[in-house]
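Inspection log for the structure reproduced underneath, given as structure tokens.
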Amino acid sequence: MSNNEIMSNRDLKIVLAAPRGFCAGVYRAIQIVERALEKYGEPVYVRHEIVHNKYVVDGLRKKGAVFVEGLEEIPDDGQPVIFSAHGVAKSVPQEAARRKMFYIDATCPLVSKVHREAERHYKNGDQVVLIGHAGHPEVMGTMGQLPEGAALLVESVEDIGKIKHRIRDSKALAYCTQTTLSVDDTADIVEALKREFPAIKCPNKEDICFATTSRQAAMKAIAPLSDVVMVLGAPNSSNSNRLVEVAALNGCARAMLVQRVDDIDWGELEDVRVLGLSAGASAPEILIEEVIEKAREYFNVELEEAVISQEDVTFKLPKILV
């Protein structure tokens, strides 16, 4: 007997987290690539994935975007090169300028804010502690705003003990954070930093972006209601992975990251009555719609949306593309 026959008469409530999916920074970055293609034609080069989502990247590739990991892969043909939403180290635009490349920066404005903070602290004589995940493009970009070794990376509370011997002056210390971290985990790290270094300087405004915060708040609302939670997103998407962790820590042990509907084993949902559904900030709404449409083949689906807040923030495009 097929999964379809087993489950076709069963009821399934899908609880949708809201907000979910694209944030303002991701939407702006995608628009930048699309506008550049319209204005300058193919190819438009993009350094690193413009955002961490295969569906989005594949769609832009079909329109003429060429994704590269380094500037050395780009020929001197005068076509635009776009820096991804995650931001880049200062050395990248410097190299582009040296090669007389035409580049457009799609760094999320909220990531740029962290860059400016780190630079300001460094110029004021403060040693910078960056809370974030090693190897993530955003972290590499932020640390790359300062001379090599000027920023100390902390990934966990335990890491604080490992950097103590590298602190030059505990009264000349400041911290910044990656924008896509777990709100709760980061709060624990910040609290531990303040205990260890009471004079440490804080950001003027929280570094974790509003979109990350609101999506995690929505997840906290739906997780206790759900037998299973699915987050649509990419394995290398920090904010998507954090949503899975938030679900697991807030009432739903069966939380999973799913790239596309084809990755779902519907047979594993035989005992599920309530499915929580969200999407990372770089995942388009169509991925959610695909899951709902497929679920209707197996279940009598009832939809419910848990709206925690409304987002109406937009970021301006670079003037050259307006």
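Where in the stretch 245-322 are there strands (runs of 3 or more DSSP E), lying wholly inside it, with at least 3 residues that are in contact with a strand residue (DSSP E or B) (Cβ under 7 Å, 6 or more places away or on another chain) and over 30 Å from Phe83 (Cβ atoms)? Can you show your working first?
Details: elements: 255-258, 274-279, 299-307.
Per the criteria, 274-279, 299-307.
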Looking only at the stretch 223-240, decide whether some residue is touching a helix residue (DSSP H, G or I) at 6+ places or on another chain (Cβ under 6 Å), buried (at least 22 other Cβ atoms within 10 Å of the Cβ) and either in a helix (DSSP H, G or I) or among the basic types (Lys, Arg) (or both). yes
Among the residues of the stretch 80-92, what is the count of those that are within 20 Å of Cys23 (Cβ to Cβ) and part of a strand (DSSP E or B)? 2
Pairs under 7 Å by beta carbon, first residue free of Cβ contacts under 8 Å to residues at least 24 places away in the same chain in the stretch 206-224, partner in a loop (DSSP other than H, G, I, E, B), six or more apart or different chains? none
Do we find that Asp77 is in a loop (DSSP other than H, G, I, E, B) and surrounded by fewer than 18 Cβ atoms within 10 Å (Cβ to Cβ) in this structure? yes
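Per-residue answers, yes or no, for (1) at pLDDT 95 or above; (2) not in a helix (DSSP H, G or I):
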{"position": "Glu5", "(1), (2)": "no, no"}
{"position": "Lys13", "(1), (2)": "yes, yes"}
{"position": "Ala17", "(1), (2)": "yes, yes"}
{"position": "Ala29", "(1), (2)": "yes, no"}
{"position": "Arg35", "(1), (2)": "yes, no"}
{"position": "Lys39", "(1), (2)": "yes, no"}
{"position": "Glu42", "(1), (2)": "yes, yes"}
{"position": "Tyr45", "(1), (2)": "yes, yes"}
{"position": "Leu60", "(1), (2)": "yes, no"}
The stretch 23-42, residues that are basic (Lys, Arg) and under 26 Å from Gln310 (Cα atoms): Arg28
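Tally the residues that are farther than 21 Å from Val26 by Cα and under 22 Å from the mean Cα position of the chain (by Cα), restricting the search to the stretch 92-118.
To start, the set of residues in the stretch 92-118 that are farther than 21 Å from Val26 by Cα comprises 94-102, 117-118.
Retained after the next criterion (residues that are under 22 Å from the mean Cα position of the chain (by Cα)): 117-118.
Of the residues in that region, 2 qualify.
The values are calculated or read from the model by the stated rules, or taken from the named source; none is laboratory data. Fair warning: this is a prediction, and the values are worked out from it, not measured in the lab. Please note: Cβ atoms are built from the backbone with ideal geometry, for glycine as well, and neighbour counts cover all protein chains shown.
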